[in-house]
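A quick write-up on the structure given underneath.
The values are calculated or read from the model by the stated rules, or taken from the named source; none is laboratory data. In this text the structure is predicted, and so the values were computed from the model without any measurement. Note that each Cβ is placed from the backbone with ideal geometry, even for glycine, and that neighbours are counted across all protein chains shown.
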């Protein structure tokens, strides 16, 4: 699997996912501002990966700091807030920054060199943890699938959205290793086409059978009896199990419920935000109108038309068959078990 992020010679190096599948290009970020822009512009995307890249960006900021000791806190907080401002919906971003801040407060009295070194170690630890967590999610999720399963997914919740292996696609990967996967139906995922560009490319790289469909073909594909399960990722899960994920996920959940197809969410426990009672408290990011107006810099419509472009939607917990985490598969009612697993983690 291709590497999505690494720290190399005082730079955070990220796979530029905006250029896939046409070009495999690694973008070097030499400053925290460049890391923030890589996240904001979706060179880096996927909730778990965003968190780890932001952690590397915060470590980079302290490695570059050359001011007085008295200014360390102000500089750290500026870069923390800069990185936190990039994407409002994915809770992994804030989870990672909070974890880094806790370490910074503990280590800063040892001096700049010590704190910078420890922050870099912590970011690398998060990277390694994420891969292990994804593999555990895959192992827990594949047990839900029968032989010859035909699985539908949206967006990209694979190794490209993480530090390796993937969440929703991690489940598919683990099931494929046990010869359980007959077909993956990949929704193209308008408007930025993460399914068409990224999921299809990723699965074909691993020789996993995949068929691309447009988002509005999902219901008919289910009606034809060609789907056995829907598995998606998540950017934030509220305490009651309501889930924010890529726009179009809610529609898949409604269609799956109607067709009596199990609908699973695969996500690490770091995606669970028990401070929010339900999904209505989740901030939904709205992105540039030109993401909908244009494709590959070519206008598809009248350039002046008004566009509504939420990047995510909310799937209520009563449409979800199970939440697949590294701690196990949680079934409804979700609140008590999510709380228990989150606290245990």
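Is it the case that segment 103-121 has a residue that's in contact (Cβ under 8 Å) with a residue 60 or more places away in the chain and either in contact with a helix residue (DSSP H, G or I) (Cβ under 9 Å, 6 or more places away or on another chain) or not assigned by TED's automatic domain parsing to the domain that holds residue 231 (or both)?
Just the residues of segment 103-121 that are in contact (Cβ under 8 Å) with a residue 60 or more places away in the chain, to begin with: 119-120.
Those still in the list that are either in contact with a helix residue (DSSP H, G or I) (Cβ under 9 Å, 6 or more places away or on another chain) or not assigned by TED's automatic domain parsing to the domain that holds residue 231 (or both) too: 119-120.
Yes: segment 103-121 contains one or more residues that are in contact (Cβ under 8 Å) with a residue 60 or more places away in the chain and either in contact with a helix residue (DSSP H, G or I) (Cβ under 9 Å, 6 or more places away or on another chain) or not assigned by TED's automatic domain parsing to the domain that holds residue 231 (or both).
Of all residues in segment 172-198, those satisfying the criterion of being more than 17 Å from the chain's Cα centre (by Cα) and not in a loop (DSSP other than H, G, I, E, B) are 174, 175, 176, 177, 181, 182, 183, 184, 185.
Residue 191 falls short on exactly one of the conditions (1) free of Cβ contacts under 8 Å to residues at least 40 places away in the same chain; (2) closer than 22 Å to residue 294 by Cβ; (3) touching a helix residue (DSSP H, G or I) at 6+ places or on another chain (Cβ under 7 Å), and that condition is (1).
Please specify each residue of segment 185-202 satisfying the condition of being more than 20 Å from residue 44 (Cβ to Cβ) and buried (at least 24 other Cβ atoms within 10 Å of the Cβ).
Of the residues in segment 185-202, the ones more than 20 Å from residue 44 (Cβ to Cβ) are 185-188, 190.
Correct list: 186, 187.
Across segment 231-275, what is the number of residues that are closer than 22 Å to residue 55 by Cβ, assigned to a loop (DSSP other than H, G, I, E, B) and within 19 Å of the chain's Cα centre (by Cα)? Residues flagged as closer than 22 Å to residue 55 by Cβ, assigned to a loop (DSSP other than H, G, I, E, B) and within 19 Å of the chain's Cα centre (by Cα) within segment 231-275 amount to 6.
Test residue 257 against the stated conditions and say whether it is at pLDDT 95 or above, assigned by TED's automatic domain parsing to the domain that holds residue 230, over 19 Å from residue 156 (Cβ atoms) and exposed (fewer than 13 other Cβ atoms within 10 Å of the Cβ).
Details: at pLDDT 95 or above: yes; assigned by TED's automatic domain parsing to the domain that holds residue 230: yes; over 19 Å from residue 156 (Cβ atoms): yes; exposed (fewer than 13 other Cβ atoms within 10 Å of the Cβ): no.
The answer is no for residue 257.
Run down 44, 35 and say which single residue is within 18 Å of residue 196 (Cα to Cα), touching a helix residue (DSSP H, G or I) at 6+ places or on another chain (Cβ under 9 Å) and modelled with pLDDT of 95 or more. Break it down stepwise before answering.
Values: 35 fails: within 18 Å of residue 196 (Cα to Cα).
Testing whether each residue is within 18 Å of residue 196 (Cα to Cα), touching a helix residue (DSSP H, G or I) at 6+ places or on another chain (Cβ under 9 Å) and modelled with pLDDT of 95 or more leaves just 44.
Per-residue answers, yes or no, for (1) closer than 28 Å to residue 269 by Cβ; (2) outside the structural domain of residue 18 (by TED's automatic domain parsing):
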{"site": "124", "(1), (2)": "yes, no"}
{"site": "143", "(1), (2)": "yes, yes"}
{"site": "152", "(1), (2)": "yes, yes"}
{"site": "166", "(1), (2)": "yes, yes"}
{"site": "193", "(1), (2)": "no, yes"}
{"site": "200", "(1), (2)": "no, yes"}
{"site": "217", "(1), (2)": "no, yes"}
{"site": "229", "(1), (2)": "yes, yes"}
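Residues in segment 294-345 that are assigned to a strand (DSSP E or B), in contact with a helix residue (DSSP H, G or I) (Cβ under 7 Å, 6 or more places away or on another chain) and either under 23 Å from residue 251 (Cα atoms) or free of Cβ contacts under 8 Å to residues at least 60 places away in the same chain (or both): how many? Going through segment 294-345 one residue at a time, the tally reaches 8. Tallying residues that are out of contact with any strand residue (DSSP E or B) (no Cβ under 9 Å at 6 or more places or on another chain), surrounded by fewer than 20 Cβ atoms within 10 Å (Cβ to Cβ) and assigned to a helix (DSSP H, G or I) within segment 31-50 yields 2.
Going through segment 218-233 one residue at a time, which ones are farther than 19 Å from residue 190 by Cβ and surrounded by 24 or more Cβ atoms within 10 Å (Cβ to Cβ)? Passing the criteria: only 231. Kindly check whether there is at least one residue in segment 274-293 that is touching a residue at least 40 places away in the same chain (Cβ under 8 Å), in contact with a helix residue (DSSP H, G or I) (Cβ under 9 Å, 6 or more places away or on another chain) and more than 24 Å from residue 162 (Cβ to Cβ). Taking every residue of segment 274-293 in turn, at least one turns out to be touching a residue at least 40 places away in the same chain (Cβ under 8 Å), in contact with a helix residue (DSSP H, G or I) (Cβ under 9 Å, 6 or more places away or on another chain) and more than 24 Å from residue 162 (Cβ to Cβ). Taken over segment 8-28, the criterion of being more than 20 Å from the chain's Cα centre (by Cα) and surrounded by 16 or more Cβ atoms within 10 Å (Cβ to Cβ) is satisfied by 11 alone.
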